[in-house]
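Right, one structure below, let's go through it.
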Amino acid sequence: MTRGSAAVDVPSLSLAGRSRPPWWPVWSKAAAMRAVRATVVVPGLFALAYTVIGDLQVATFAAFGGFATLVLASFGGRWQDKLRAHAGLAVAGSVLLVVGTAVNSSVLLASLITIPVAFAVLFAGVAGPNAASGGTAALLAYVLPAASPGTMDLVPARLGGWWLASVAGTLAVLVFSPRSPGFALREAASRCARALADQLSAALDGDSGKDYRAASVDAKHDLLATFTATPYRPTGLATADQAMDSLVGLLEWSASVITESLSEYRDLSAIADVERKLLAETGVVLREAAALLDGDAGEVDLVRLERRLAESVEYLRRLDSDGDGYAEAVHVSFHARTAAVAAHTATVDALIVAGRADPSTVSGSRRRWYGESFEVEAIGERRLAGLVAAAGAVSRHASLRSVWFLNSLRGALALAAAVAVADLTGVEHGFWVVLGTLSVLRTSAASTGATALRALLGTAAGFVVGALLLLVIGTGAGALWVALPVAVLVAAYAPGALPFAAGQAAFTVVVSVLFNLLVPAGWAIGVVRIEDVALGCAVSFLVGMVFWPRGAASVVADDLADALRAGGAYLAEAVDWALGLRTALPRPGPAIAAGVRLDDALRGFLAEQGAKRLPREELWRLVAGAMRARLTAYSLAGLPNPQAGPDRFRTQLSEQAGQLAAWYDHLASRLDRTDHGAVPVLSPPEFRDPRSAGATAADLSCALWVGEHLRHLMARLEELVGPATRVARLRHRPWWR
């Protein structure tokens, strides 16, 4: 047997941070389809409402409603999911439209009502990608009437325009829409599981070539890049979505374990036959998981893997603990069984994703995901699962440590201030002020300022283009009707595909053409828009400076601290459980909640424009360290509880786990600045092998297995010290530096 160094592939998540420069245009099939839909629907609805129905309110809300439905909102999933999402947007928009119309007569009332309304709409994004995507579109239905003159007798016409846009936009999306990113995520997960199975099979056949390792590493990178490609999670609160979310983490964990194992044991021909069979069955289960994700209806047999796991345990029990090869056998078994348990759990999640899991399996998985003990089927109320998931999401994010909470509150305050400014200044088309605020507000003051500058430059460029267009074609209706679809086409293609300034310029041209069709004013309408957008940008920047100017970068550091601290506490409990020193199950809830908040904060941080205030590579190293602690604890918590009572060897390992948890807490205190002293060089605790204290065979049967988990974890602690120290020092700098 050849044992090499455990060369591990860390910072796999860092691929999520690699992206094109923000000023570089790209071709996007999804953006092109979105643009075609908007080009057909928006001008068509506007023409119908303006020329046939002959109502300016219907025309205005049909045009902006179409833009909200087809451009601002981008719903995923099956056609049923998209239909439900668009219906929800239509209903929510209708309610917000009525509220906005009702409060616009009073500056104070409109400003005060905007805070809870905007916060609720933005914070609802924690429910999933469709809720997050529809937030801005729903807010448009509120800010347009809230910042525009109008009385309640206009509500029927406004609702007519909004529902006209909702119905036409929904039909266009259902008929002409790209495939959902959710399918791409399933395909990436399938490729990752299959690549890991191929790597195991090749290693068992004596082929330890780099090609298989490279393929599995690339597949893992592709999976994580697909999962982290959006500024919010691509999974919602439904049971299948939660399973998909869990599956991604488990496949990443499986890839790390398998890659480490095969780096350390390059020749698997000499390991015990029972462990070879366990690894072979692990590969079979991973292939079955891949087939499930591909939609195949083949049989999945987890009993065989469970039998191989039991054989591995029994094999270790029969070995002579005083023999020279016992420690090595435990080490090999640790790698084989950890990979098998991770693959087993991942396949359970794949069964749930595919809709083929039985109710008891789903119930057990919910406890694993949410960290709660509840039996939905026993209560007989299936919808309770969704309520519990929603309540869990709200409770996890109802904290100043949550980027969702902070961004929602800051966005609500900014929009309320924009509504007040638009009313008090008496500017023409005051809702443009609010839209300007909404479009440039980012998670930090620095990135908000940079985005505001691009918005102003883009608006100015759009004004120039629009003015030249009007000077050339004039304000005749025929020419403007020809120009409108072209302007909508560019504006609808821009989000995510063209530079932000180009999108602002294109939207300014749309506005210039649209309002000249309503009330011919020539190029002067562009000047009004520049003034309004400038006011909106100023509001965003000022609110960004006052409320959490460091933005997501600061929240990431806080959430990293929480994840490290909660992971350490979970680890200490799991060690005591596995040693028989604790009878109550370990509590994963705090660690799960911290991990979810950290994931969302990272997405917000990566989505920011401007310079990153945290070194990205070092940030990912810290993220990997927090994830490793949580997953090691999860692995230990899955072991049977021996209920053996304390002895000096178990107590020694328990104390060591406590020291490790204290070390994580010490590291976390540097990240979240709860410890304001000088940043010292931290030294990880050293692993103490229970064999060195003369443990007996009975002691070793449990202690060595726990010890392998701790040894595996402690080997990677040193690499966290430097990044944590530098992040801590960066947090003391002013936000504008």
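FYI, it's all coordinate maths here, none of it is from the lab. Treat the numbers as computed from the prediction; the structure is a model and nothing was measured. Cβ: placed from backbone, ideal geometry, glycine included. Neighbour counts: every protein chain shown.
For ALA492, the shell of other residues with beta-carbons less than 12 Å away shows a net charge of +2, using +1 for Lys and Arg and -1 for Asp and Glu. When the Cα positions of VAL248, GLY325, THR282 are compared along the charge dipole of region 181-357, VAL248 comes out farthest toward the positive end, with charges on each C-beta of Lys, Arg, Asp and Glu. Ranked by the mean number of other Cβ atoms within 10 Å of their residues, highest first, the peptides 555-563, 303-311, 133-141, 624-632 come out as 555-563, 133-141, 624-632, 303-311. Near TYR265, the amide H atoms lying under 5 Å from its own belong to GLY4; only residues 5 or more places off or on other chains count, and H is placed 1.01 Å from N. Using the alpha-carbon centroid of each, what span in Å lies between region 36-69 and region 550-600? Value for the Cα centre distance between the two parts: 50 Å.
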